Amino acid sequence: MTLSDAVGLTETQERRIVRGLQLALVALLGYGAVTVQFAITGTAGLALGITLLPAWLRREYGYSMDAGLVLWITAAVILHTGGSLWLYETYQWYDEIAHTVSASVIAGLGYAAFRAFELHSDEMNVPSTFRSVFIVVFVLAIGVVWEVLEFALGGTVVTVYGIDDIVTDFVFNTVGATIVSIWGTDHVSELIGFFRQRLRSSSEN
C-alpha cells in the first residue's frame, strides 16, 4: 500500500498541498533575505531544494514519486523551517514533533535504500528484526552528523540550543525511526523499486 492510499487524499489534492507548502517556503526565503536573517534564509533555501528533488528525479530518471511520499518529505522540511522563526524557542512540543516527522522521513529513505540493496544482492539475506534495528541506528547516525554540522556552523545557518535540546532531539529521532520500523516500511515499496532499478542499471554499465 502506498502512502497516498494510507493518507486518503487524492493525488491531485496532495500535489496542491505540496505546491502550497513550497510557496510558503519561497515566502520564508524572501522574508529571511529582506530581514537579513541568514538562519531563516539558509533553512528555507535548503528545504525548498529538498522539495524539488522529486521533480528532478522525474526529469532525470523518469521516476514519479508517490504524491503521499512527496507530501511527507515536504511536511518534514517545512516543519523545521517554521521552527527557525520562533516556534522552537516558544514551544518545546513543536521541536519534538518536527524531529519525529523528519526522523520518520530519513528512516523511510534509509530503509528503502537498504532493502533495495538487499534485494539486489544474492549474498544478502537479512532478518526482518535486523532491518528494524538498522532503521533506528541509521537515523541516530544521521542525527549525530546533523548535530556536528550545527556546532560546526556555529549558529549562522541553524541555531544551537544546547545539550538538553540535543538529548531531546535524539529521543524523538528514535521515536520517528521506531514508528517507521513498525508501521511504515510498506509505504516506501515504490521507492525500493526505483532504487533496485538504479542498482541494476549501474551493475549493467
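A few remarks follow.
- Computed about the Cα centre, the dipole magnitude for segment 92-199 is approximately 380 debye when only Lys and Arg (+1) and Asp and Glu (-1) carry charge, each at its Cβ.
- Rounded to whole Å, the principal axis extents of the Cα atoms in segment 9-116 read 40, 27, 25, largest first.
- Cβ-to-Cβ counts within 10 Å put 10, 178 in ascending order as 10, 178, the fewest first.
- Angle in degrees between helix 189-204 and the longest Cα principal axis of the chain, rounded to the nearest 10: 70 degrees
- Cα-based helix-to-principal-axis angle, 128-153 vs the chain, degrees rounded to 10: 30 degrees
- A simple charge model with +1 on the Cβ of Lys and Arg, -1 on the Cβ of Asp and Glu and nothing else charged puts the dipole of segment 1-90 at about 240 debye relative to its Cα centre.
- Packing-based exposure ordering (other Cβ within 10 Å, fewest first) of 104, 121, 132: 121, 132, 104
- By the count of neighbouring beta-carbon atoms within 10 Å, fewest first, 74, 12 end up ordered 12, 74.
- For the chain, the longest principal axis of the alpha carbon atoms and the long axis of helix 67-82 meet at an angle near 30°.
- Over the C-alpha atoms of the chain, the Rg to Rh ratio, Rh being the Kirkwood estimate, stands at 0.98.
- Computed about its Cα centre, the charge dipole of the chain is approximately 620 debye, with only Lys, Arg, Asp and Glu carrying charge at their Cβ.
Values in this text are rule-based calculations from the coordinates and carry no lab data. For clarity, every value in this text was computed on a predicted model and none was experimentally measured. When we count neighbours, we look across all protein chains shown, and the Cβ atoms used for this are built from the backbone with ideal geometry, even at glycine.
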